[in-house]
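Computed from the coordinates by the stated procedures, all read-outs in this text should not be read as laboratory data. As the structure is a computational prediction, the values presented were derived from the model and not from experiment. Cβ: placed from backbone, ideal geometry, glycine included. Neighbour counts: every protein chain shown.
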Amino acid sequence: MPNTFKSFFAAIPLAALFGFLPVQAQETIGVKIPENSVISDGVLTREEMARYVVVAKAQLEYLTEHAAEKYEDELIVKSAPIPRAWMLMKDGKTVKELKLDKSGEDAPANIKVVMFRAALKSVARNGQINAATILFAGQMSADNPQKVLVMEHEHRLGISASKFIPYKAEGDAPQFGEPEVKDKPFQMFYDDKSQAPTS
């Protein structure tokens with residue numbers, strides 16, 4: 001089956017899909033943010049902030065594309081796709097899927113999303129990851145049957161957003177509409193934006 005998400009990402013400018021600056025992801029995703037960096041003292045120069053924001057956005061692009069490719073089967077095969085979550089580890093390259101324990105396997109989808117947020121918050125606040133994303137799907141509302149893919153993501157350098165992408169699951173590949181990107185409150189890395197190093 002062709003990689004639909006790869007073509008989906010290629011068809012939409014990254015600035016529209018991710019709100020990202022145009023960067024070469026392969027050049028920046030492996031940049032490890034030092035433990036004793038200026039971020040830890042809470043002081044960033046304008047140049048340092050710009051450099052870290054570019055790295056954060058490239059890492060989120062890398063993580064989100066990886067997660068979306070893995071999630072494609074959920075949209076094609078299942079009438080009610082289950083939420084799933086992924087983490088970008090501290091090395092800036094390794095992506096791991098977060099799995100819920102036995103108690104979460106049979107939970108309703110909305111409870112699974114809450115459980116993923118809580119689990120990712122625990123991992124994020126212990127400094128184990130650089131970024132996290134949760135993907136889930138449903139319909140727009142009780143009155144609007146339009147299916148929508150939701151991507152929630154955060155980066156420890158101060159980026160937090162949700163993307164809402166309408167789709168149709170017809171044939172062997174989903175068809176996507178124009179995404180809508182919205183800021184969202186921090187739920188994993190920080191309690192609010194004022195705590196983020198690039199705010």
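Over all distinct Cα-Cα pairs of the stretch 83-141, the Kirkwood formula returns a hydrodynamic radius of 12.1 Å. Would you calculate the separation in nanometres between label points at Thr94 and Glu69, each defined as 7 Å from the Cα along the Cα-to-beta-carbon direction? Using points 7 Å along Cα→Cβ, the separation is 1.9 nm. The Rg/Rh ratio for the stretch 63-183, using Cα coordinates for both the radius of gyration and the Kirkwood hydrodynamic radius, is 0.96.
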